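Below: the structure, in structure tokens.
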Protein chains: 4
Amino acid sequence: MALTKVGVLGATGSVGQRFTLLLDNHPEFELYALGASARSAGKAYKDAVTWKQTNLLPEFAKDIVVEECKPAGRFSECEIVFSGLDSDVAGDIETAFAAAGKIVVSNASNFRRSPDVPLIVPIVNPEHLEVVEKRVSDARAAGKERPGFIVCILNCSTAGLVAPLKPLVEKFGAIDALTATTLQAISGAGFSPGVSGIDILDNIVPFIGGEEDKMEWETRKILGSVSADKNGFDLIPEPDMKVSAQCNRVPVSDGHTECISFKFASRPPPSVDQVKDALRKYQCDAFKLGCHSAPKQTIHVLEENNRPQPRLDRDRDAGYGVSVGRVREDPVLDFKMVVLSHNTVIGAAGAGVLIAEILKAKKVL
Amino acid sequence: MALTKVGVLGATGSVGQRFTLLLDNHPEFELYALGASARSAGKAYKDAVTWKQTNLLPEFAKDIVVEECKPAGRFSECEIVFSGLDSDVAGDIETAFAAAGKIVVSNASNFRRSPDVPLIVPIVNPEHLEVVEKRVSDARAAGKERPGFIVCILNCSTAGLVAPLKPLVEKFGAIDALTATTLQAISGAGFSPGVSGIDILDNIVPFIGGEEDKMEWETRKILGSVSADKNGFDLIPEPDMKVSAQCNRVPVSDGHTECISFKFASRPPPSVDQVKDALRKYQCDAFKLGCHSAPKQTIHVLEENNRPQPRLDRDRDAGYGVSVGRVREDPVLDFKMVVLSHNTVIGAAGAGVLIAEILKAKKVL
Amino acid sequence: MALTKVGVLGATGSVGQRFTLLLDNHPEFELYALGASARSAGKAYKDAVTWKQTNLLPEFAKDIVVEECKPAGRFSECEIVFSGLDSDVAGDIETAFAAAGKIVVSNASNFRRSPDVPLIVPIVNPEHLEVVEKRVSDARAAGKERPGFIVCILNCSTAGLVAPLKPLVEKFGAIDALTATTLQAISGAGFSPGVSGIDILDNIVPFIGGEEDKMEWETRKILGSVSADKNGFDLIPEPDMKVSAQCNRVPVSDGHTECISFKFASRPPPSVDQVKDALRKYQCDAFKLGCHSAPKQTIHVLEENNRPQPRLDRDRDAGYGVSVGRVREDPVLDFKMVVLSHNTVIGAAGAGVLIAEILKAKKVL
Amino acid sequence: MALTKVGVLGATGSVGQRFTLLLDNHPEFELYALGASARSAGKAYKDAVTWKQTNLLPEFAKDIVVEECKPAGRFSECEIVFSGLDSDVAGDIETAFAAAGKIVVSNASNFRRSPDVPLIVPIVNPEHLEVVEKRVSDARAAGKERPGFIVCILNCSTAGLVAPLKPLVEKFGAIDALTATTLQAISGAGFSPGVSGIDILDNIVPFIGGEEDKMEWETRKILGSVSADKNGFDLIPEPDMKVSAQCNRVPVSDGHTECISFKFASRPPPSVDQVKDALRKYQCDAFKLGCHSAPKQTIHVLEENNRPQPRLDRDRDAGYGVSVGRVREDPVLDFKMVVLSHNTVIGAAGAGVLIAEILKAKKVL
């Protein structure tokens, strides 16, 4: 099968480097174009990038000549572009690529709240892609070319939160109240400058700008549904689901830990065993669709009382699986538990690649 | 004024070393006896101890000959003993010292739930000492000698939690519901073996044995009151105050961070400014009594949005002050905020010394 | 090809767990017996072990019933046993297994200095195995069964040191003087108790018991040769090669960094480029023999001025490759450079498995 | 006694903040002017600075209005200015202040290699100040005003190295060869951006730009002497003292650890005990002069085999004392030992304050 040509925008940054790694030897995608700022354009990727990943810079990418982030040159031949751009430049560039007919899968925050842009955790709500699927099928029915569009990757801390909630809502109905205290890894903050070492060594920073608000708002969109006309999304109204987040940065390299508690709307609530059972049995659509990167086990329910731990559990299913431990009754709400997710995989670049795989499996391309 | 002779039980351990440091040059107490296991007895303290504190082993203590933990020898002359014993031996030894007429201020957990033993955070509930004060005055009225007794130091994670709650309850009435997610430093776990480096480096351990249960129970005792007959304590019943704790060990040396949220029983709740104001104006009794170690400012309310942080704020008022930041409304309960306390000072040895200072100021000695 | 049955001694410990992981799905070996203390014997491995590895406990091993460490039961059927035993028990047990005809590949230090026991870094001095090969071929020539014997794995810090020295000595002749300052990861210290978190967080411990002496002595054995009669080893005499080590424990999970400098005996010394070239071209015998775990590139010479770094480079060639950076002239000796090796792979369990693969490739089995 | 008015240049940066802290309640100096970039000028210091120190921003400094770094305004009244400026702006500004008659004590690197600028570790080579003392006394003799001049604070890593060497050279003569491998704390790199957390967590960076060259060159200046005409300095020629440094950044907040070895020029070398004795007996001139910040014990010789450690020993003598441990013979050179110094005290701002105290004690002001 012919590989789909894809590109990476912001390829020299932290997220861009991870896209590049994840696309090395991908069975469906060929990383064909790398975009960065004018300062880097014209250089071989290996000379333009300060490579900071654990895995070596893949051979295939070393000599790709970096281009500016415009839907021209090698990018013209790409059907999908993955964006790891900073939000101060992502808006215009991503709009231009979508206007040029490209599918933009973006890790930037610019369009996450746009009413017609799907905000996706691929193991949670791929059904939200229906909004762009409809646009594509409408165009095709009208004999037009497939239009470009933007799909946003969900913020890393919310991704970990909603993963176990999805199967629970499916099984036991609406969530009435939800609290989450996060212990977030530093890799999510990028590295130029990211979190300063002296700020985080032997320390906790109990604040991440905008993060709590994102978690409280995004959860309403992700757990909400596609609107009846399939042109947008019906968010869960705030009074129906109260959400409270407290976000902390901790001295951990990768893997967000979240201590959450929640209360179902309907009474009586299920038992602890029923909750665990629903989590264990959940199989994400991406896996059912046979997507290459989809986790075999979406939610790992751990029984050891001191798990999950970031160093030991973050790499389950190559970072696409989410671990849940210490599921127990909560004296204030119904249940409390600990959730661990890999922030740069299911919470960033990895999610983008799996979203593209889903789009391909659904024949949107 | 003559100094009161005091001793330290478990002097070679982590807590015992901190008692020894805190008693160096104390204006009211003379550290006169050091007790440890039979293996250490007979040795000079400097030879018996593996000193692991940031401050050097005080000169005065170097050549004190360590004794076994029995109310004999130099301990006979001590009026107070501070216990840093492990709980597997603390029960019998502390009972023997109390029976011998000593005042035992203990960091061990053995008697924390005893109905007639005060469980004290000296900046929060010194009024609970009334139970032992009554026993002492009854004896004195009967022409008897002051009897020995045990006072327990509260567990470190609960100490941080109740410090800001006390002035709020005093001002705005009962707490209906309370949640706390802790990010606890490793120093609290001691060092033989304590938390293993490989377990905590680049990692979070979302479990501390027994800690959540302690926090949920102890809060009811601390915020409860002395019973009418002054022989014990009336705990706040569970239905009246729902408490839920989630405890994590984090790679921080000293200072417990706690993300808490709570709801008052009475409606409407106060405003954020009223809450902050009550916290700022709170002056602990120990300070009013003029105790040497009492914090000038009991609760520091920080306005910077990224504070308190353990490395920057744990040493306020020499570790006897508690820092509170990010006081804000909570979508699920009424308020949420971040509390930071120094676990080995106000949460352990330091609390013990301040309790003894209060007892002296109250003329219980 | 039939798999060779192997066993692991000390299977519940840190090193034993890594042996178990490395033997999961091994193409030549079947992990057939797991040995531990009497306390664990009789339990399924999954119940006897406190699993602390990043990878999950392999399915195949979960239900193997742990046995005592005696050459009986399932161990009778094993041709090779890997020992992760503590040195206080390793002596007698390993001797008993060797006496019973088993090949013992040991990570314990007990026999490292025995004159007839090969001390091996599989990517450096597999030719030292000739001493046991001779014993085996002599026995076979005499019509006897293959005798048992012990092979020792080199201490982790020395393994990193000698890996780049071997090709240099081969190419440019003897080393006259050698200094090494190590920055050693904590995983090498095991986890019961290993290095305490409070001892290593935000700290350096400039001492590891016995380590400097080991490095100074072992280097003479590894870089020395098999004696003429092939019954033992000719160590390089101390005056011919002066070695000085300074060992530090640092807050790094895996990967030993060593800053080394050295002077060749012959004048003039080679150039920096010649040194790098010799390192790059070195191909270890294990790779030439086609061993499964042998690194494709034995020594990675990095040109970036801030490499190697443990987090970024420790996993090259699955931890079997060694990274060298900053090769430059030294104002005091001839050259200085930075060496990084994975202490639990090429410096412990991984080395053991590769040694066994070499023995099999050499038909010693 | 009237306080000497002093100012701080670069007052909002990492080094500037520490100058501000150290000058709080200083018995001889009044911090009177705070200088920063035009962006900060005109603001109260408390509003201009992002305070990142463990100690709170001193009350006295909160409302000082920040000025631009020009020898005008409140700076006109200052006799001394402490410079924590970045090197990209320090050159012009410090030159302007010196030209305006100010004594500039600078932590910037710009003039460290200037032939007539003293480069000072106050506990090591205050006699190098003779070069500026001569300039001052010549001017005074000629009836002129005291001229302005610049004194440079030595780079932190070299400061730790030369502190113990000074008494040894005084006692046992010249050093023939010297090697130092550093394990440097991250605080020295400042915090905008300084060392990124993701670069240093669970990691070592074996490179600090320019640092090794600085150590090798500066050691020759510090251990050299004032030239005969007292107009400059005679550096120790490279062939007379070979120096080799290997510099690493480690995940430690404060305190540089250095593993050093050295060989004396004269034979036979002293014994280990003689070396320790010389270190212990060394009393720095600053202490003899009665300077406020001078350490009572300049070099602490520790006998425990696992010391010095940054977390436990960096604060000896408020960070002005240097700790030395593990003094022992070296198989390659004569001796090896571990040196620990507080990089932001004796290696930066603290050194600057003590230099100013020495100048005042010597009546240069």
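The values are calculated or read from the model by the stated rules, or taken from the named source; none is laboratory data. This one's a predicted model, so the numbers in the text were calculated from it and none came from an experiment. Quick reminder, even Gly has a Cβ in these numbers, built from the backbone with ideal geometry, and neighbours come from all protein chains shown.
Collect the residues in the range B:277-314 that are within 19 Å of B:Lys166 (Cα to Cα), surrounded by fewer than 19 Cβ atoms within 10 Å (Cβ to Cβ) and touching a strand residue (DSSP E or B) at 6+ places or on another chain (Cβ under 8 Å), keeping them in residue-number order.
Within the range B:277-314, B:Arg280 is the sole residue that qualifies.
Residues checked against (1) within 15 Å of A:Ser225 (Cα to Cα); (2) touching a Cys at 6+ places or on another chain (Cβ under 7 Å); (3) of a type in the set (Asp, Glu); (4) free of Cβ contacts under 8 Å to residues at least 40 places away in the same chain:
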residue	(1), (2), (3), (4)
A:Val121	yes, no, no, no
A:Asn125	yes, no, no, no
A:His128	yes, no, no, no
A:Arg135	no, no, no, yes
A:Gly143	no, no, no, yes
A:Val151	no, no, no, no
A:Pro167	yes, no, no, no
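Just need a number here: residues in the range D:252-276 that are more than 10 Å from chain C (Cβ to nearest Cβ) and either out of contact with any strand residue (DSSP E or B) (no Cβ under 8 Å at 6 or more places or on another chain) or of a type in the set (Ser, Thr, Tyr) (or both).
6
Check whether at least one residue in the range A:189-203 is surrounded by fewer than 19 Cβ atoms within 10 Å (Cβ to Cβ), over 27 Å from A:Gly10 (Cβ atoms) and at pLDDT 95 or above, and report yes or no.
no
When only residues in the range C:30-67 that are under 25 Å from the mean Cα position of the chain (by Cα) and charged (D, E, K, R) count, which is nearest to B:Leu201 (Cα to Cα)?
Residue satisfying both the conditions and the ranking: C:Lys52.
For the range D:277-293, enumerate the residues that are farther than 18 Å from D:Ser323 by Cβ and more than 17 Å from the chain's Cα centre (by Cα).
D:Lys288, D:Leu289, D:Gly290
Exactly one of these conditions fails for A:Asp273: (1) over 21 Å from A:Leu183 (Cβ atoms); (2) touching a residue at least 40 places away in the same chain (Cβ under 8 Å); (3) surrounded by fewer than 24 Cβ atoms within 10 Å (Cβ to Cβ). Give me its number.
(2)
List the residue pairs whose Cβ atoms are under 7 Å apart, where the first residue sits in the range A:59-77 and is closer than 10 Å to A:Gly35 by Cα, the second is outside any helix (DSSP H, G or I) and β-branched (Val, Ile, Thr), and the two are 6 or more positions apart or on different chains.
A:Phe75/A:Val81
From the list D:Ser244, D:Ser253, which one is crowded, with 19+ Cβ neighbours inside 10 Å and in a loop (DSSP other than H, G, I, E, B)? I'd like the intermediate steps shown before the answer.
On the way: D:Ser244 fails: in a loop (DSSP other than H, G, I, E, B).
The conditions single out D:Ser253.
Okay, residues lined up against (1) among the aliphatic types (A, V, I, L, M); (2) closer than 25 Å to B:Ser253 by Cα:
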{"residue": "B:Ala2", "(1), (2)": "yes, no"}
{"residue": "B:Val6", "(1), (2)": "yes, no"}
{"residue": "B:Gly16", "(1), (2)": "no, yes"}
{"residue": "B:Ser37", "(1), (2)": "no, no"}
{"residue": "B:Glu59", "(1), (2)": "no, no"}
{"residue": "B:Phe75", "(1), (2)": "no, no"}
{"residue": "B:Leu85", "(1), (2)": "yes, yes"}
{"residue": "B:Ala96", "(1), (2)": "yes, no"}
{"residue": "B:Ser106", "(1), (2)": "no, yes"}
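Looking at the range B:25-38, I want the residues that are part of a strand (DSSP E or B) and have a partner that is hydroxyl-bearing (Ser, Thr, Tyr) with Cβ atoms under 6 Å, at least 6 apart or on another chain. Which pairs are those?
Here the result reads B:Phe29/B:Thr4; B:Leu34/B:Tyr45; B:Ala36/B:Thr12, each pair linking the range B:25-38 to a residue that is hydroxyl-bearing (Ser, Thr, Tyr).
Checking D:Thr344 against (1) touching an Asp or Glu at 6+ places or on another chain (Cβ under 8 Å); (2) of a type outside the set (D, E, K, R); (3) surrounded by fewer than 23 Cβ atoms within 10 Å (Cβ to Cβ); (4) more than 8 Å from every other protein chain (Cβ to nearest Cβ), only one condition comes out false. Which one?
With respect to (1) touching an Asp or Glu at 6+ places or on another chain (Cβ under 8 Å); (2) of a type outside the set (D, E, K, R); (3) surrounded by fewer than 23 Cβ atoms within 10 Å (Cβ to Cβ); (4) more than 8 Å from every other protein chain (Cβ to nearest Cβ), D:Thr344 is out only on (3).
Exactly one of these conditions fails for C:Val132: (1) among the β-branched types (Val, Ile, Thr); (2) touching a Ser or Thr at 6+ places or on another chain (Cβ under 9 Å); (3) assigned to a helix (DSSP H, G or I). Give me its number.
Unmet for C:Val132, out of (1) among the β-branched types (Val, Ile, Thr); (2) touching a Ser or Thr at 6+ places or on another chain (Cβ under 9 Å); (3) assigned to a helix (DSSP H, G or I): (2).
Do the conditions hold for B:Phe75, that is, is it crowded, with 19+ Cβ neighbours inside 10 Å, among the hydrophobic types (A, V, I, L, M, F, W, C), away from chain D (no Cβ under 14 Å) and closer than 23 Å to B:Met215 by Cα?
Spelling it out, it is not the case that B:Phe75 is crowded, with 19+ Cβ neighbours inside 10 Å, among the hydrophobic types (A, V, I, L, M, F, W, C), away from chain D (no Cβ under 14 Å) and closer than 23 Å to B:Met215 by Cα.
Taking only the range D:104-132 into account, find how many residues are farther than 24 Å from D:Ile299 by Cβ and over 16 Å from the mean Cα position of the chain (by Cα).
5
Does at least one position in the range C:4-14 carry a residue that is buried (at least 17 other Cβ atoms within 10 Å of the Cβ), within 20 Å of C:Ala96 (Cα to Cα) and touching a Lys or Arg at 6+ places or on another chain (Cβ under 8 Å)?
Yes, there is a match, as at least one residue in the range C:4-14 is buried (at least 17 other Cβ atoms within 10 Å of the Cβ), within 20 Å of C:Ala96 (Cα to Cα) and touching a Lys or Arg at 6+ places or on another chain (Cβ under 8 Å).
Which residues, counting only those in the range C:70-105, are hydroxyl-bearing (Ser, Thr, Tyr) and outside any helix (DSSP H, G or I)? Show your work before the answer.
Applying the first criterion (hydroxyl-bearing (Ser, Thr, Tyr)) to the range C:70-105 yields C:76, C:83, C:87, C:95.
Across the range C:70-105, the qualifying residue is only C:Ser83.
Which residues, counting only those in the range D:22-57, are of a type in the set (A, V, I, L, M, F, W, C) and either surrounded by fewer than 22 Cβ atoms within 10 Å (Cβ to Cβ) or more than 27 Å from B:Gly319 (Cα to Cα) (or both)?
If the condition is that a residue be of a type in the set (A, V, I, L, M, F, W, C) and either surrounded by fewer than 22 Cβ atoms within 10 Å (Cβ to Cβ) or more than 27 Å from B:Gly319 (Cα to Cα) (or both), then D:Phe29, D:Leu31, D:Ala33, D:Leu34, D:Ala36, D:Ala38, D:Ala41, D:Ala44, D:Ala48, D:Trp51, D:Leu56, D:Leu57 are the ones that fit.
Please enumerate the residues belonging to the range C:39-57 that are closer than 22 Å to C:Gly347 by Cα and in contact (Cβ under 8 Å) with a residue 12 or more places away in the chain.
C:Trp51, C:Lys52, C:Gln53, C:Asn55, C:Leu57
Just need a number here: residues in the range B:294-339 that are in a loop (DSSP other than H, G, I, E, B), in contact with a Cys (Cβ under 8 Å, 6 or more places away or on another chain) and either within 11 Å of another protein chain (Cβ to nearest Cβ) or of a type in the set (Phe, Trp, Tyr) (or both).
Quick first cut of the range B:294-339, residues in a loop (DSSP other than H, G, I, E, B) only: B:294-298, B:303-309, B:314-315, B:320-321, B:330-334.
Right, trim to in contact with a Cys (Cβ under 8 Å, 6 or more places away or on another chain) and you get B:294-295, B:298.
With the extra rule that they be either within 11 Å of another protein chain (Cβ to nearest Cβ) or of a type in the set (Phe, Trp, Tyr) (or both), the set shrinks to none.
Looking only at that region, the number is 0.
Within the range D:197-216, can one find any residue that is more than 10 Å from chain A (Cβ to nearest Cβ), in contact (Cβ under 8 Å) with a residue 60 or more places away in the chain, farther than 23 Å from C:Ile200 by Cβ and not in a loop (DSSP other than H, G, I, E, B)?
Yes; the residues of the range D:197-216 include at least one that is more than 10 Å from chain A (Cβ to nearest Cβ), in contact (Cβ under 8 Å) with a residue 60 or more places away in the chain, farther than 23 Å from C:Ile200 by Cβ and not in a loop (DSSP other than H, G, I, E, B).
(1) in contact (Cβ under 8 Å) with a residue 60 or more places away in the chain; (2) within 11 Å of chain C (Cβ to nearest Cβ): which one isn't true of D:Cys291, the others all being true?
Just one mismatch for D:Cys291, condition (2).
Return the pair list, or none, for Cβ contacts closer than 6 Å from residues in the range C:314-334 that are without any contact (Cβ under 8 Å) to a residue 12 or more places away in the chain to residues that are surrounded by fewer than 24 Cβ atoms within 10 Å (Cβ to Cβ), at least 6 apart or on different chains.
C:Pro331/D:Lys242; C:Pro331/D:Ser244
Could you please give the count of residues in the range B:144-174 that are touching a strand residue (DSSP E or B) at 6+ places or on another chain (Cβ under 8 Å) and either in a helix (DSSP H, G or I) or of a type in the set (Lys, Arg) (or both)? Give the derivation first.
From the range B:144-174, those touching a strand residue (DSSP E or B) at 6+ places or on another chain (Cβ under 8 Å) are B:148-154, B:156-157, B:159-161, B:163-165, B:167-169, B:172-174; that's our starting set.
Among the residues that remain, those that are also either in a helix (DSSP H, G or I) or of a type in the set (Lys, Arg) (or both) are: B:156-157, B:159-161, B:163-165, B:167-169, B:172.
The number of residues fulfilling the criteria is 12.
Is it the case that B:Ala265 is closer than 30 Å to D:Thr54 by Cα and modelled with pLDDT of 95 or more? Explain how you work it out, then say what you get.
On the way: closer than 30 Å to D:Thr54 by Cα: no; modelled with pLDDT of 95 or more: yes.
Against the criterion (closer than 30 Å to D:Thr54 by Cα and modelled with pLDDT of 95 or more), B:Ala265 does not qualify.
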